[in-house]
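The structure appears below as structure tokens.
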Amino acid sequence: MTTPRPETLAKLTPVLTKRWLSPDAWQIGTYEQLDGYAALRKALKAHPDDLIQLIKDSGLRGRGGAGFPTGLKWGFIPQGDGKPHYLVVNADEGEPGTCKDLPLMTHDPHALVEGVIIASYAIRANRAYIYIRGEAVHAARRLRNAVQEAYDKGYLGRNILRSGYDLELVVHSGAGAYICGEETALLDSLEGFRGQPRLRPPFPATHGLYASPTVVNNVGTIASVPPIVLGGADWWKTMGTEKSSGPMIYSLSGRIVNPGQFECSMGVTLRELLELAGGMQPGHNLRFWTPGGSSTPLLAAEHLDVPLDFEGVAAAGSILGTTATQIFSDQDCPVYATYRWLEFYHHESCGKCTPCREGNYWMVRVYRRILAGQGTHEDLDTLLDTCDNILGRSFCGLGDGATSSVTSSLKYFKQDYLDYIEGRTAPKLSDKQLVGAH
């Protein structure tokens, strides 16, 4: 186990995670003692347009994967249109390796609740929803308890803190469908329909929940709002990089000594994160990793010093995504890892569009054939051709994400595929598991 150097420890910037280890951090009393709801009091004295401008000035970008500028998204909401406005928080975290929103809601749910109130006030919404994944039972209980505490203290409901502003907040548990992490599928599910993505345009900013103007933001994005209101845009920009401001929670898992959440200034490198996590497990050497979850292209050991911000990761040929950093060693197989991820995307495809529904179905079978020692060289061309027919042609981003590990693993680890096909690597799947792969 390595001991982090002082300069590496300085990369840790606990903002969203600063209360996680406090006793009873999820209770309103603890939260109020540690700056809780001070930002709300400050925000309610400001004009909503000034709050939107503050978020724009901070450079805050969405923490759900796409990295879209948050203040810009809020500014898209038309004002004076006579329609109800809605804020919807996407808490449907469910991608393999992604685990930053659930601990945030479990350990510090009031940070999200306060962020919801401020964001709703800024976009002139009087009703907000938190859509949480159905399996997240413990986090949902904590969140519902926090919402009730906020109602009891007058932070929610009618005439909040005697400001004249009203807000109702509903915590809604979904049915555990990964597709509902896509914002328009989430909106359909929230309305009581089957969770499937909508055709865009029109966009949620004008035709969202119940065909009304709606902002959909990730948990980490909304939880970042109170510290920005308290500290200011300039303070927020002292962390991170010029185009990727603020801290980010990096979720490290896999072949490392201390897996967990590490909140660092954006632009930290994997080399530094590994140092903070105690290094690779004994006997393991880094071989490949995901910078932002299973839907982002794989990176290799040669990318240890890539800045983990939106621009740095994109320049390396991947996507920052949800900063779910899964670490694999020289004892792991990139072909098998890609197969397991594809099984997930095949299972979670809503089936609405042909490229994703059929493409993932057939790619899973090709992988089963390769891993059973019955693959051919033509299978590799088939995989790339199938990815080409999915990428940019599926109805939403699920199809695009499914192709990421396929194309990137073939780019960096083609020899591993050839070793299965040409018999140098023993099959990982049996004939029984091969049923239906032909």
Amide H neighbours of Ser173 at under 5 Å, excluding residues fewer than 5 places away on the same chain, with H built from the backbone geometry, are Ile132
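How would Glu263, Glu343 line up by accessible area, probe 1.4 Å, largest first?
Accessible-area ranking of Glu263, Glu343, largest first: Glu343, Glu263.
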Where the accessible area of the chain is counted over protein heavy atoms with a 1.4 Å probe, how much of it, in %, is carbon and sulfur?
53
Shape of the range 1-103, Cα gyration tensor, a/c cut at 1.5
prolate
For the range 210-293, accessible area per residue (1.4 Å probe, heavy atoms of protein chains only), Å²:
30
About its Cα centre, the range 338-423 carries a charge dipole, from +1 on Lys and Arg Cβ atoms and -1 on Asp and Glu Cβ atoms, whose size in debye to the nearest 20 is 280
Given charges at Cβ of Lys, Arg, Asp, Glu: the chain dipole, positive-most of Ala426, Gly154, Gly359:
Gly154
Spelling it out for Gln281: with amide H atoms placed in the peptide plane at 1.01 Å from N, the residues 5 or more places away or on another chain with amide H under 5 Å from its amide H are Ile256, Val257
Cα gyration tensor of the range 27-184, axes a ≥ b ≥ c as square roots of the eigenvalues: rounded (a/c below 1.5), prolate (a/b > b/c) or oblate?
oblate
Probe 1.4 Å, heavy atoms of protein chains only: per residue, the accessible area of the range 1-71 in Å² is 53
Tally Lys/Arg at +1 and Asp/Glu at -1 over every other residue whose Cβ is under 12 Å from the Cβ of Val225; what's the total?
+1
Heavy-atom accessible area ranking, 1.4 Å probe, most first, across Leu72, Leu209
Leu72, Leu209
Please turn the phi angles of the range 404-413 into ³J(HN,Hα) values with the Karplus equation 6.51 cos²θ - 1.76 cosθ + 1.60 (θ = phi - 60°), one per residue in order, whole Hz, x for glycine and proline.
4, 6, 5, 5, 6, 5, 5, 5, 9, 10
Among Cys387, Gly312, Ala140, which residue has its Cα positioned farthest towards the positive end of the charge dipole of the chain, with +1 placed on the Cβ of Lys and Arg, -1 on the Cβ of Asp and Glu, and the dipole taken about the Cα centre?
Ala140
Have a look at Asn285, Ser349, His303 and report the one farthest towards the positive end of the charge dipole of the chain, computed about the Cα centre with Cβ charges (Lys/Arg +1, Asp/Glu -1).
Ser349
Starting at the first residue of the range 33-47, write each ³J(HN,Hα) from the Karplus equation 6.51 cos²θ - 1.76 cosθ + 1.60 with θ = phi - 60°, in whole Hz, x for Gly and Pro.
5, 10, 6, x, 6, 5, 5, 4, 4, 5, 5, 5, 8, 9, 6
Gyration tensor verdict on the range 320-404 (Cα atoms; rounded if a/c is under 1.5, prolate if a/b is larger than b/c, oblate otherwise)
oblate
What are the GluC sites (Glu not before Pro) within the range 159-214 that DSSP puts in a loop, where the Cβ has at most 12 other Cβ atoms within 10 Å?
Glu191
Hey, got the dipole for the range 64-105? About the Cα centre, +1 on K and R Cβ, -1 on D and E Cβ, debye to the nearest 20?
180
If the only charges are +1 at each Lys and Arg Cβ and -1 at each Asp and Glu Cβ, what is the size of the charge dipole of the chain around the Cα centre, to the nearest 20 debye?
740
With N residues in the range 95-209, what two-decimal value do you get for its Cα radius of gyration over 2.2 N^0.38 Å?
1.12
Between the range 345-421 and the range 172-230, the alpha-carbon center distance in angstrom
28
Value of [θ]222 nm, deg cm²/dmol, for the chain, DSSP H segments ≥ 4, -39500 (n - 2.57) each, nearest 500
-12000 deg cm²/dmol
Could you run the Karplus curve 6.51 cos²θ - 1.76 cosθ + 1.60 with θ = phi - 60° over the range 167-173 and give me ³J(HN,Hα) per residue in whole Hz, x for Gly and Pro?
8, 10, 10, 10, 9, 10, 8
Please build a GNM for the chain, connecting alpha carbons under 10 Å apart, and tell me which residue among Lys428, Lys11, Lys56 fluctuates the most.
Lys428
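The values are calculated or read from the model by the stated rules, or taken from the named source; none is laboratory data. What you are looking at is a predicted structure, and each value in this text was computed from that prediction instead of being measured. Positions of Cβ are backbone-derived with ideal geometry, glycine not excepted, and every protein chain shown enters the neighbour counts. These accessible areas exclude ligands, DNA and RNA; they are computed on the full protein's heavy atoms, side chains included. Shrake-Rupley method; radii C 1.70, N 1.55, O 1.52, S 1.80 Å.
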